[in-house]
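Participant: One structure, as C-alpha cells, below. Some questions next.
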Amino acid sequence: MNKAAIIECLSQVEILHGVSPQQLALFAECAQPKTFSKGDTLFQSDDSADALYVIVDGSIQLYDIKEGIEQSLTVFSRHEFIGETVLIAPEHIHGVNARMLANTTLLQFSREALQSLLEAHGDLALQVCSTISQIVIRRMEHANSRYENIATLYRNNSYRTEHDLLGEKQIPDTAYYGVQTLRALENFNISGITLNFYPSFIRGLARVKKAAALANHELGHIPDEMIGAICQACDEIVMGMLHNHFIVDMIQGGAGTSTNMNANEVIANRTLEILGYQRGEYQHCSPNNHINCSQSTNDAYPTAIKVALLEANEELMREVEKLIGFIELKSNEFRDILKMGRTQLQDAVPMTLGQSFQAYASSLRNEIERLKTCSGDFLTVNMGGTAIGTGLNAAPAYREKIVPYLREVTGYKVRLADDLIEATHDTGALVMYSSALKQLAVKLSKICNDLRLLSSGPRAGLNEINLPPMQPGSSIMPGKVNPVIPEVVNQIAYKVIGNDQTITMAAEAGQLELNVMEPVMVESLFESIEILKSGMNTLSSRCISGITANAQVCLDNVKNSIGVITALNPYLGYEVCTRLAKEALQNDCSVYDLVLQQGLLSKQQLEEVMAPENMVG
C-alpha cells in the first residue's frame, strides 16, 4: 500500500475521527501493512498486547475457549480496529483469541511506534485518547443489559435524519439500524433481553433475507448491481458481524415487526456501505422496497424463527449427547458396585450403581429422539404468504422460487406449507417443541433430585455417592458443602416449565389471521434452550465428571436391608423369607446375619446369591 492509500483508509477509522490529514500522515508513517489468509491466527489469549490493528480489507473474529468449548465473541470488518488499549493501558495480555475469517489486509501499529508518536505530539495524543474514552464509555454501557436508551451506545457528534410514517428521527451516523428500530428502542424497553442475546436468531434472519433477495433477483425485483452486496451483507451477519446493531427487545408489540425492520435496516445500511453509499441513502437500497421485497413480517419473521430454532436444536442435542457421555462413563465405572434400589423411598431390591446411571443415560437418549421429532415441523414455512397467507404483494412465482433458495442458504430441507393462511396464524410447532424442552427439563430435574438424595449426609443421610465440592455451603455452619450444581439445574427446569406455560397461553391467544404473541413465545423458547445448554454443560463438567461412589456404604445398605430378602425367594421360599423379614424388623438385625445364624445357607452360598451378577440381572 502506498502512503495515500493508507491515509485514505485511516480517515475512515472511528478512533481517528477528527484527526487532520497532516496528522493522519504521521500515523501512516508508523503503519506496517500485513496480509493474512483465511484461518490465520492474529493473536492468542495469552499473547502480549503489543500492537494496534486497523482492518483495510477482510474480517477478523474474536473468540474465547472455555472448558474446551469455543465461543465467538464478535467480528470486526473493514475500517474497524482492534487493540486500542495499547494506547492507554500498560503492558497486558489479550485474554481472547483472534483469527481471520477471510483473506485480510491489516495496518499494524506497534506500541513503541505509537508511544513515540503521541509523546512527540501532545495535542494529537489528547484528541485520540478523548475518542478512545468515548468508545470505552459506549462499550461499558453496552455491557449493561438495561438502560434508558440504547441509542446512547452510539453517542457521537454526527447524526443522519431518517423518516417514517410518524415523522423524522435523528439516527447516530455510526448506527446500522434506522428509524423504525429506534422507535422500537423507545417503545419496548421491557426485558433487557435483546436480539443479540441469541446469535442463532440473528443468523436465521440474515439467511431468510438472503434467500428472499436471491428469489427476488431471479424474478427481476432486485437489480444485478445490488444482489451481490445484499448477499455479502447477509453473509457477514451470519459470520457474526454487526450483531451489536440488532438491539430491539425480544418482547415487543407488533407481532415481530420491530425485529423484522431491525434486520431490514441493518442489512440495507451494510449493503449501501458495500456499494459505496452512505448509511441512510435508502434511494439506492431500501429496507422496505429491497430487503423486505415480496415479504411481510408475518412470513419472514416466523420463517427466521424456525430456521434459527433448527440450528439451536442441533446445538442443544449436542449438549445432551455430551452429558450422556459423561453419565455413561460413570455407569461403566460403577458397574460392580451393589446398592439398594428404592421405590417410594423404601428399600426395594438390589441393583448396581452403574445401572442407576445407565438408566439416566437411556432416559436422556430418548429425549434426543423427541427433540428431533418435535423440531421436524420447523421445516414447514409460510414464506410467500406475506401478510395473512394470501400472498398479496408477492409475485405468483415467488413462493416456488424462495423454497430452493432457503434450502441452499440454510442447508435444511425446507418445504412450503400446504395452506399458507393456516400456517400464518398457527403456532403449533412452537408449542410442540416447547413440550419437548419441558420433558427434557423434567428428566434432568429428576436426575438431579436423585443425585442430591444419594449424596445426602454425609453422616446422617444416604451418603452412597459423593458430589464434587464446589463451594462452601453456609455462612454460619462450618464444614457444610451443598449440592449446588444439581440445585441450579433443578431451578433451570422450573424456569423451562414456566416458559412452556407462557408459550401455551400465548399460542392460545391467537386471533383470526395472526398470532401477535409470537415474540414472547420466541423469547421463551430461546431462553429455555440457552439455559438448558448451559445447565447441562455445567452438570457434565462440574458435577457428573467428579462423582465418586461410597462402595462400602452401598454394600452395607444392601446387607442391612430387608429388601434383599426378595433375592432369596428362589432358594428359601416365600414363607421362610417372610418369616426372616419379620424377625429382622423386630430384632433390628440384618437378613444376611439371620440366614447365617439359622444355617439356612452357608456364607459361600449367601455370598454367591448376593453377587451383583446374580442379584441384578
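The values are calculated or read from the model by the stated rules, or taken from the named source; none is laboratory data. Model, not experiment: these values are computed from the prediction. Neighbour counts run over all protein chains shown; Cβ positions are idealised from the backbone, glycine included. Just so you know, the surface numbers come from the protein's heavy atoms only, side chains and all, with ligands and any DNA or RNA stripped out. Shrake-Rupley method; radii C 1.70, N 1.55, O 1.52, S 1.80 Å.
Participant: (1) open to solvent by 20 Å² or more (accessible area, probe 1.4 Å); (2) at pLDDT 95 or above; (3) among the small types (Gly, Ala, Ser): which one isn't true of Ala348, the others all being true?
Facilitator: The number of the failed condition is (2).
Participant: What's the number of the condition Arg407 fails, among (1) assigned by the TED database to the domain that holds Ala506; (2) of a type outside the set (A, V, I, L, M, F, W, C); (3) closer than 25 Å to Ala215 by Cβ?
Facilitator: Of everything listed in (1) assigned by the TED database to the domain that holds Ala506; (2) of a type outside the set (A, V, I, L, M, F, W, C); (3) closer than 25 Å to Ala215 by Cβ, Arg407 misses just condition (1).
Participant: Output the residues belonging to segment 287-314 that are over 15 Å from Glu367 (Cβ atoms), open to solvent by 10 Å² or more (accessible area, probe 1.4 Å) and charged (D, E, K, R).
Facilitator: Lys306, Glu311
Participant: Give me a count of the residues in segment 213-232 that are within 29 Å of Gln71 (Cα to Cα) and open to solvent by less than 10 Å² (accessible area, probe 1.4 Å).
Facilitator: Selection size over segment 213-232: 2.
Participant: Okay, moving on. Across segment 117-130, what is the total count of residues that are surrounded by 12 or more Cβ atoms within 10 Å (Cβ to Cβ) and assigned to a helix (DSSP H, G or I)?
Facilitator: Final tally of qualifying residues: 7.
Participant: Please find, among Phe197, Phe246, the residue that is surrounded by fewer than 24 Cβ atoms within 10 Å (Cβ to Cβ) and over 20 Å from Leu101 (Cα atoms).
Facilitator: On inspection, the qualifying residue turns out to be Phe197.
Participant: Another question, then. Do you know which residues across segment 458-508 are outside any loop (DSSP other than H, G, I, E, B), modelled with pLDDT under 95 and touching a Pro at 6+ places or on another chain (Cβ under 8 Å)?
Facilitator: Scanning segment 458-508 gives a single hit, Val481.
Participant: Another one. With respect to Asp173, determine if the residue is open to solvent by 10 Å² or more (accessible area, probe 1.4 Å), free of Cβ contacts under 8 Å to residues at least 40 places away in the same chain and farther than 24 Å from Ser524 by Cβ.
Facilitator: For Asp173, the condition - open to solvent by 10 Å² or more (accessible area, probe 1.4 Å), free of Cβ contacts under 8 Å to residues at least 40 places away in the same chain and farther than 24 Å from Ser524 by Cβ - is not met.
Participant: Just to check your reading of the model, which residue among Ser561, Ser528, Ser541, Ser524 is open to solvent by 40 Å² or more (accessible area, probe 1.4 Å) and hydroxyl-bearing (Ser, Thr, Tyr)?
Facilitator: Ser541
Participant: Taking segment 220-258, which residues are outside any helix (DSSP H, G or I) and not small (Gly, Ala, Ser)?
Facilitator: Within segment 220-258, His221, Ile222, Pro223, Met241, Leu242, Phe246, Ile247, Val248, Asp249, Met250, Ile251, Gln252 qualify.
Participant: Identify, from the list Leu444, Leu462, Leu430, the residue that is over 21 Å from the mean Cα position of the chain (by Cα) and surrounded by 16 or more Cβ atoms within 10 Å (Cβ to Cβ).
Facilitator: Result of the check over Leu444, Leu462, Leu430: Leu462.
Participant: Here's something else I'd like to know. Go through segment 386-445 and report how many residues are more than 25 Å from Lys495 (Cα to Cα) and in a loop (DSSP other than H, G, I, E, B).
Facilitator: Adding up the residues that qualify gives 19.
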